[in-house]
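In what follows, a structure is listed as structure tokens, so that the remarks can point back to it.
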Protein chains: 2
Amino acid sequence: MEKRVADLWVTEYQTKNMRLGLRIKEVLCNKDTPYQHLLVVDTLEYGKVMLLDGAIQITEKDEFTYHEMMAHILMCSHPNPRRVLVVGGGDGGTVREVVKHPSLEKVYLVDIDEEVINASRRYFPSVSCELDNEKVEIKPMDAIQFIKERKDFFDIVIVDSTDPVDFAEGLFKRDFYSDVFHALRQDGMMIAQTESPFAEADIVKDAYNEMSKVFPIVKMCWGAMPTYPTGMWTYTIGSKGPDPAKPLRDVPAKTKYYSRSLHEASFVLPGFVVQLLKGEEGK
Amino acid sequence: MEKRVADLWVTEYQTKNMRLGLRIKEVLCNKDTPYQHLLVVDTLEYGKVMLLDGAIQITEKDEFTYHEMMAHILMCSHPNPRRVLVVGGGDGGTVREVVKHPSLEKVYLVDIDEEVINASRRYFPSVSCELDNEKVEIKPMDAIQFIKERKDFFDIVIVDSTDPVDFAEGLFKRDFYSDVFHALRQDGMMIAQTESPFAEADIVKDAYNEMSKVFPIVKMCWGAMPTYPTGMWTYTIGSKGPDPAKPLRDVPAKTKYYSRSLHEASFVLPGFVVQLLKGEEGK
């Protein structure tokens, strides 16, 4: 007789009309932080999963695709990335990838919610494993404030934020991109996760347009990310000079998703995304 | 006061431990055919959706990514595609894309289940719109039998099948690939949908390995497909000679996903897929 198990699921309402359910073995952490609801569950399909305000942030099985794209696209195309800022990303996955690059002198991790960092340290050792690296400085504070206070300071800014609602909404606005621009040194570049063109076409388009008002060079790339809505994820880059689509070096460590050739390929956008950015969708 | 609506959903169990739910407005067709269960629903997120045995086959909103990849990768890389076979694909989406190519003389659509074809004609006019094209010949029969009876006949075979269970299981086997090989003319090529490397790594690997025992050239490409499990979909190609990764021409009609540059980019596989095909995953 087959072993009977409890029929226990966690469900993310990816939109009002679409939901992803994952069968779970156990609830590991379920609490309100001062900023959001934090849930960590152990699932059968994706291993341990962290949700913030009901939205999946990372899973053990697929987090590598997102974190490698967030880190290596710019770390490999900037001529000499030394000082890096990660906005959000309290789980530490982006930092883990950034420290693979020997040119790095310091990476600042600025996440408003320290409890996310603590939960990642406790439940996701394979993600948070570089948070104690000597090149990492953790600042649990509002990134919008942090960045306003620094001018001509960073080579790369990585906006590893939650969806643009509530306190993260400002991270998708022109004013914030402008603050990032001024916080960047010569040759500086920023990258932001900018949602799915299938589920959130307006966000994709607005982020691209807002960034284009601030940076002389703006490009978009994309990749697979199974547990984010629709599985197709975009990343929008603003650059003061270097071409983010042209990798200058390989990652000097093991990667599972990113490669130099994938870097170049990720900038080839499907036709409907090209049309969306041109404002010609539906024509 | 906000309008109240019934909380009505359709759910696909994508694996035993993962399910996708879509809010529906209406059930349009719900019946057993001689071969499978056929469900057509109208959803708020993806428009009309067809499910066979509970698995999403097409949605109005995202079917174009899959059908354009299935058709144009080979139609654009074969030197002169004149005679084409579509195995399965009763909805007509792949045929709609194939007939965009002027070199085409005849496309045979061989789907075992005529009721799928009829449902597509009735509920998906934007997908089935070319089924009455004079270059299309529809054969409601078992494709495995159909192909055994033809030697040195087709330029391209497109295996637009359901998942490899029940009557579709044989479409993922070496014997079938061998029959396809013999049914292909000189320079002939086949393409098959081969599932997601995240959800069904074994199927991806097995299809690639089985095809490699039959065809001298085997390559894999991938693309976004939101309503298939994990949203990342692979396509495996066997070729008697032409390089499927090298497009020779553009599609002489409008496309929404495919382009010549996306064709080339789609053959750049993420690192973990390369490792999977080498049999070195986890090493």
All but one of (1) open to solvent by less than 50 Å² (accessible area, probe 1.4 Å); (2) more than 17 Å from the chain's Cα centre (by Cα); (3) within 14 Å of another protein chain (Cβ to nearest Cβ) hold for B:M232; which doesn't?
-> (2)
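For segment B:239-264, give me the residue count where each residue is small (G, A, S) and touching a Ser or Thr at 6+ places or on another chain (Cβ under 8 Å).
Step one: of segment B:239-264, the residues small (G, A, S) are B:239, B:241, B:245, B:253, B:259, B:261.
Retained after the next criterion (residues that are touching a Ser or Thr at 6+ places or on another chain (Cβ under 8 Å)): B:245.
Total meeting the criteria: 1.
Tell me yes or no: at least one residue of segment B:106-114 is assigned to a helix (DSSP H, G or I) and surrounded by fewer than 19 Cβ atoms within 10 Å (Cβ to Cβ).
We begin by selecting, within segment B:106-114, every residue assigned to a helix (DSSP H, G or I); these are B:114.
After this cut, where a residue has to be surrounded by fewer than 19 Cβ atoms within 10 Å (Cβ to Cβ) as well, the list is B:114.
Within segment B:106-114, one or more residues are assigned to a helix (DSSP H, G or I) and surrounded by fewer than 19 Cβ atoms within 10 Å (Cβ to Cβ).
Within segment B:36-43, is even one residue open to solvent by 70 Å² or more (accessible area, probe 1.4 Å) and in contact (Cβ under 8 Å) with a residue 40 or more places away in the chain? First the steps, then the outcome.
We begin by selecting, within segment B:36-43, every residue open to solvent by 70 Å² or more (accessible area, probe 1.4 Å); these are none.
No, every residue in segment B:36-43 fails to be open to solvent by 70 Å² or more (accessible area, probe 1.4 Å) and in contact (Cβ under 8 Å) with a residue 40 or more places away in the chain.
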Which one is most open to solvent (accessible area, probe 1.4 Å) among residues in segment A:157-175 that are free of Cβ contacts under 8 Å to residues at least 40 places away in the same chain and assigned to a helix (DSSP H, G or I)?
-> A:D175
How many residues are within 19 Å of the chain's Cα centre (by Cα) and either modelled with pLDDT under 95 or not basic (K, R) (or both) when one looks only at segment B:250-263?
-> 7
Output the residue which, of all residues in segment A:65-93 that are under 13 Å from the mean Cα position of the chain (by Cα) and open to solvent by 10 Å² or more (accessible area, probe 1.4 Å), is nearest to A:L28 (Cα to Cα).
-> A:D91
Within the bounds of segment B:203-217, is there any residue that is open to solvent by less than 10 Å² (accessible area, probe 1.4 Å), in contact with an Asp or Glu (Cβ under 8 Å, 6 or more places away or on another chain) and within 14 Å of another protein chain (Cβ to nearest Cβ)?
-> yes
Does A:R96 meet the test of being closer than 30 Å to A:P242 by Cα and open to solvent by 20 Å² or more (accessible area, probe 1.4 Å)?
-> yes
Across segment A:21-38, which residue is nearest to the other protein chains (Cβ to nearest Cβ) among those that are in contact with a Leu (Cβ under 6 Å, 6 or more places away or on another chain) and closer than 23 Å to B:Y13 by Cα?
-> A:R23
Test set (1) buried (at least 24 other Cβ atoms within 10 Å of the Cβ); (2) more than 14 Å from chain A (Cβ to nearest Cβ); (3) under 25 Å from A:C221 (Cβ atoms) - B:K246 fails condition number | (1)
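Kindly provide the set of residues from segment B:264-277 that are at the interface with chain A (Cβ under 10 Å from one of its Cβ atoms) and more than 20 Å from the chain's Cα centre (by Cα), ordered by number. Walk me through it before giving the result.
Step one: list which residues in segment B:264-277 are at the interface with chain A (Cβ under 10 Å from one of its Cβ atoms), which gives B:264-275.
Listed by number, the residues that qualify are B:P270, B:G271, B:F272, B:V274, B:Q275.
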Of all residues in segment B:178-196, which are in contact (Cβ under 8 Å) with a residue 40 or more places away in the chain and open to solvent by 10 Å² or more (accessible area, probe 1.4 Å)?
-> B:F181, B:R185, B:Q186, B:D187
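The values are calculated or read from the model by the stated rules, or taken from the named source; none is laboratory data. Owing to the predicted nature of the structure, the values given are computational and were not obtained by experimental measurement. Ideal geometry is used to build each Cβ from the backbone, glycine not excepted, and the neighbour counts take in all protein chains shown. When the accessible area is computed, the model is the full protein with side chains, heavy atoms only, and any ligands, DNA or RNA have been set aside. Shrake-Rupley method; radii C 1.70, N 1.55, O 1.52, S 1.80 Å.
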